Amino acid sequence: MDALLTKTKEREVAKPTKEIKGAEILLRCLVAEGVDVMFGYPGGAIMPVYDALYDYADQLNHILVRHEQGAIHAAQGYARVSGKVGVALATSGPGATNLITGLADALIDSTPVVCITGQVFAHLLGTDAFQEIDVINTTIPVTKWNVQVTEAKDIAPAIAKAFYIAKTGRPGPVLVDITKNAQNELFAEEKYEQCNFVRTYKPKPALQSTQIESAATLINKAKRPYILAGQGVLLSGATKELIAFSEKTGIPVASTLLGLGAFPQDHPNYVGYLGMHGNYGPNVNTNECDVLIGLGMRFDDRVTGNVSKYAKQAKIIHIDIDKAEINKIIKTDAFILADAKEALSALIEKCEEKKQTEWISTFHAMDTIEYEKVIKNEFAPTCNELMMAEVINCLSKKTNGEAIVVTDVGQHQMVTSRYYKFKNPRTNVTSGGAGTMGFALPAAMGAKLAMPHKQVVAVIGDGGYQMTVQELGTIMQYKIPVKILVLNNNFLGMVRQWQQLFHAKRYSFTEMDNPDFIKIAEAYNITARKVSKREELEAAIEEMLDSKTSYFLEAVVGKEDNVFPMVPAGAGVGDVILEVPSKT
């Protein structure tokens, strides 16, 4: 009898396990993962999450964007400058499909984002219910991993796995689709456990000493070695190791588009920017080096040009964390499958100390040619119109190369990549592999929210600006003090340049009649100014940078201002043109 009474008292004292809705489980997972800012747009299928979010306003800063594409681009901008995982929320159907462009962009540019989408009730799946789309099969090609959750009990494990996969190895986007019933369903509250292992997923290859030895042997024998530094250097936090490696070996370093900022541009071993509109010397000397080291880069077509003409004289060393990139485009003589930081640390120990003064001087000689034929006139033009290069050069000088610069896609992007002197890692944010117009404005919002103490400038063309211009409403509502610099030439400039050079100036549907950008900015309570005269440029940029609030500056530039040098489509990197061909 006493034993029975004791058990009864224990049952009375024991507290029942608290049950909470799946929507709240989701939010608790995000808090546990350290999420402080997320971007989203509500709708019917994700309504329970937004209802729960009402009580989490002090823990999760939700930014209401004006379009789901703005949400994921903002999450990308946040992730790119902070190194943390960006988070975007959307509803089912069109809400989810509006994320696809950003997912594709994040996948090819290795950006860690977690997208959470609402879905119709589980019992309605496959019935063509209102706003039902098979988001899992739709997003398989543009995600690193995706999953659909139909029960509340599976939300926490799915979110834990999503964050782990998004941020480890080669980062990328992950999508978690949660049915409405799972959001509403009650489930016992449990302690959240972060994921640090997935049985079939090996994010970080173990460094192989044989691979290090093979690469070091080629480097030590080289007379004209050359490093092409990509975004992998930034993702692994390997800037210091790259500087140390270059200084010990004397090897010159050039940067890909996404690698800008990985190596200081004022360093004597930095030789310039690679690619279709990159610097003359870095492109031409690709076909003059004897050992070419691709470091955390993909050998994509904008870097290689015609691969049949690419670095045929050189031994190729490729260092990358992603096995799929090795020998995918350029066949290697040695490779290191590893994190860039670990690989460089090992190579520093194995490689000999050398000077490459004479070899680096060949780059400087080509810099002189490029300056005389291209840069000199762009920085001090004789025409009355402003040129894109002088605007970006002024911006670079006024910010001392230390601002976070977010670019869209097109001529302005290439000009900024050429003339903005990035000094620090994670300060160049742009859409690389996907070339997504409309990227810059929302990405700049995300970047500024990630780094509120930093100067953030979005440099955009008049075409790309109008693709996501509605995000000015987000900037207004949340008073995000981002600076917006639009280079307006009333053209889709890059397409027009190709039409001029390769299609006999047949400007087919590239000229744009633009609205009054100043009135639009002012309608959103954003201070705005327009500049078209050279003598007013410096003061206008200073005024923009000095503003404590958001600021819009429209710079009217030459309608037929082109970007040179240029490697034409189908040409090799050595076939660089420095000016408009005489027959054009």
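The values are calculated or read from the model by the stated rules, or taken from the named source; none is laboratory data. Not measured: the values here are computed from a predicted model. Every residue, glycine as well, gets a Cβ built from its backbone with ideal geometry; the counts of neighbours run over all protein chains shown. Side chains included, ligands, DNA and RNA excluded: accessible areas come from the protein's heavy atoms. Shrake-Rupley method; radii C 1.70, N 1.55, O 1.52, S 1.80 Å.
Evaluate the following for Ser246: is it open to solvent by 10 Å² or more (accessible area, probe 1.4 Å), outside any loop (DSSP other than H, G, I, E, B), of a type in the set (Gly, Ala, Ser) and in contact with a strand residue (DSSP E or B) (Cβ under 9 Å, 6 or more places away or on another chain)? Don't jump to the end; show me each part of the working.
Values: open to solvent by 10 Å² or more (accessible area, probe 1.4 Å): no; outside any loop (DSSP other than H, G, I, E, B): yes; of a type in the set (Gly, Ala, Ser): yes; in contact with a strand residue (DSSP E or B) (Cβ under 9 Å, 6 or more places away or on another chain): yes.
No: the conditions fail for Ser246.
For segment 348-384, give me each residue that is touching a residue at least 40 places away in the same chain (Cβ under 8 Å), under 17 Å from Tyr419 (Cβ atoms) and open to solvent by 90 Å² or more (accessible area, probe 1.4 Å).
Lys373
Rundown of residues vs (1) under 30 Å from Val567 (Cβ atoms); (2) among the charged types (D, E, K, R); (3) in contact with a strand residue (DSSP E or B) (Cβ under 7 Å, 6 or more places away or on another chain), yes/no style:
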{"residue": "Ala447", "(1), (2), (3)": "yes, no, yes"}
{"residue": "Val456", "(1), (2), (3)": "no, no, yes"}
{"residue": "Lys483", "(1), (2), (3)": "no, yes, yes"}
{"residue": "Lys533", "(1), (2), (3)": "no, yes, no"}
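Among the candidates Asp339, Asp408, single out the residue that is farther than 18 Å from Leu242 by Cα and at pLDDT 95 or above. Break it down into steps so the answer makes sense when it comes.
Working: Asp339 fails: farther than 18 Å from Leu242 by Cα.
Testing whether each residue is farther than 18 Å from Leu242 by Cα and at pLDDT 95 or above leaves just Asp408.
Considering only residues that are within 22 Å of Leu27 (Cβ to Cβ) and part of a helix (DSSP H, G or I), look in segment 103-139 and name the one that is least open to solvent (accessible area, probe 1.4 Å). Spell out how you get there, then give the answer.
Filtering segment 103-139 down to residues within 22 Å of Leu27 (Cβ to Cβ) leaves 112-122, 135.
Those left that are additionally part of a helix (DSSP H, G or I): 122, 135.
Working: Ala122: 35, Val135: 6 Å².
The extreme case among them is Val135.
Give me the pairs: first residue in segment 287-303 and under 23 Å from Ala569 (Cβ atoms), second residue of a type in the set (Asp, Glu) and modelled with pLDDT of 95 or more, beta-carbon distance under 7 Å, and six or more apart or on different chains, which are they?
So the pair list comes out as Arg298/Glu325.
Quick check on segment 535-557. Is at least one of its residues without any contact (Cβ under 8 Å) to a residue 12 or more places away in the chain and within 14 Å of Met387 (Cα to Cα)? Full working, then the answer.
The initial filter retains those residues of segment 535-557 that are without any contact (Cβ under 8 Å) to a residue 12 or more places away in the chain, namely 535-536, 539, 546.
With within 14 Å of Met387 (Cα to Cα) added as a condition, the list becomes 535-536.
Yes: segment 535-557 contains one or more residues that are without any contact (Cβ under 8 Å) to a residue 12 or more places away in the chain and within 14 Å of Met387 (Cα to Cα).
Please find, among Ile46, Ile20, Ile100, Ile72, the residue that is of a type in the set (A, V, I, L, M) and open to solvent by 40 Å² or more (accessible area, probe 1.4 Å). First the steps, then the outcome.
Working: Ile46 fails: open to solvent by 40 Å² or more (accessible area, probe 1.4 Å); Ile20 fails: open to solvent by 40 Å² or more (accessible area, probe 1.4 Å); Ile72 fails: open to solvent by 40 Å² or more (accessible area, probe 1.4 Å).
None of the others qualify; the one that does is Ile100.
For segment 249-295, what are the residues that are among the aliphatic types (A, V, I, L, M), out of contact with any Pro (no Cβ under 8 Å at 6 or more places or on another chain) and surrounded by fewer than 24 Cβ atoms within 10 Å (Cβ to Cβ)?
Met276, Val284
When only residues in segment 541-584 that are surrounded by fewer than 15 Cβ atoms within 10 Å (Cβ to Cβ) and small (Gly, Ala, Ser) count, which is nearest to the chain's Cα centre (by Cα)?
Applying the filter and picking the extreme gives Ala569.
Taking segment 504-519 as the region of interest, how many residues are surrounded by 12 or more Cβ atoms within 10 Å (Cβ to Cβ) and not charged (D, E, K, R)?
6
For segment 75-96, enumerate the residues that are over 26 Å from Asp300 (Cα atoms) and either in contact with a helix residue (DSSP H, G or I) (Cβ under 7 Å, 6 or more places away or on another chain) or crowded, with 24+ Cβ neighbours inside 10 Å (or both). Outline the logic, then answer.
Looking only at segment 75-96, we keep the residues that are over 26 Å from Asp300 (Cα atoms), and these are 87-96.
Within segment 75-96, Val87, Ala88, Leu89, Ala90, Thr91, Ser92, Gly95, Ala96 qualify.
List the number of the failed condition for Leu449; all other conditions in (1) open to solvent by 10 Å² or more (accessible area, probe 1.4 Å); (2) in a loop (DSSP other than H, G, I, E, B); (3) not acidic (Asp, Glu) hold.
Evaluating Leu449 over (1) open to solvent by 10 Å² or more (accessible area, probe 1.4 Å); (2) in a loop (DSSP other than H, G, I, E, B); (3) not acidic (Asp, Glu) leaves (2) as the failure.
If I filter segment 473-494 for residues that are at negative phi, open to solvent by less than 10 Å² (accessible area, probe 1.4 Å) and touching a Pro at 6+ places or on another chain (Cβ under 8 Å), do I get at least one hit?
Scanning segment 473-494 turns up at least one residue that is at negative phi, open to solvent by less than 10 Å² (accessible area, probe 1.4 Å) and touching a Pro at 6+ places or on another chain (Cβ under 8 Å).
Which members of segment 304-333 meet the condition of being hydrophobic (A, V, I, L, M, F, W, C) and open to solvent by 10 Å² or more (accessible area, probe 1.4 Å)?
As a first pass, look at segment 304-333 and keep what is hydrophobic (A, V, I, L, M, F, W, C): 307, 311, 314, 316-317, 319, 321, 324, 326, 329-330.
Within segment 304-333, Val307, Ala314, Ile321, Ala324, Ile326, Ile329, Ile330 qualify.
Looking only at segment 452-472, which residues are open to solvent by less than 40 Å² (accessible area, probe 1.4 Å) and not in a helix (DSSP H, G or I)? Let's see the steps before the verdict.
Keep residues of segment 452-472 that are open to solvent by less than 40 Å² (accessible area, probe 1.4 Å), which gives 456-465, 468-469, 471-472.
Of everything in segment 452-472, those that are open to solvent by less than 40 Å² (accessible area, probe 1.4 Å) and not in a helix (DSSP H, G or I) turn out to be Val456, Val457, Ala458, Val459, Ile460, Gly461, Thr468.
Determine which single condition Pro442 fails, assuming it passes every other condition in (1) open to solvent by 10 Å² or more (accessible area, probe 1.4 Å); (2) in contact with an Asp or Glu (Cβ under 8 Å, 6 or more places away or on another chain).
Unmet condition: (1).
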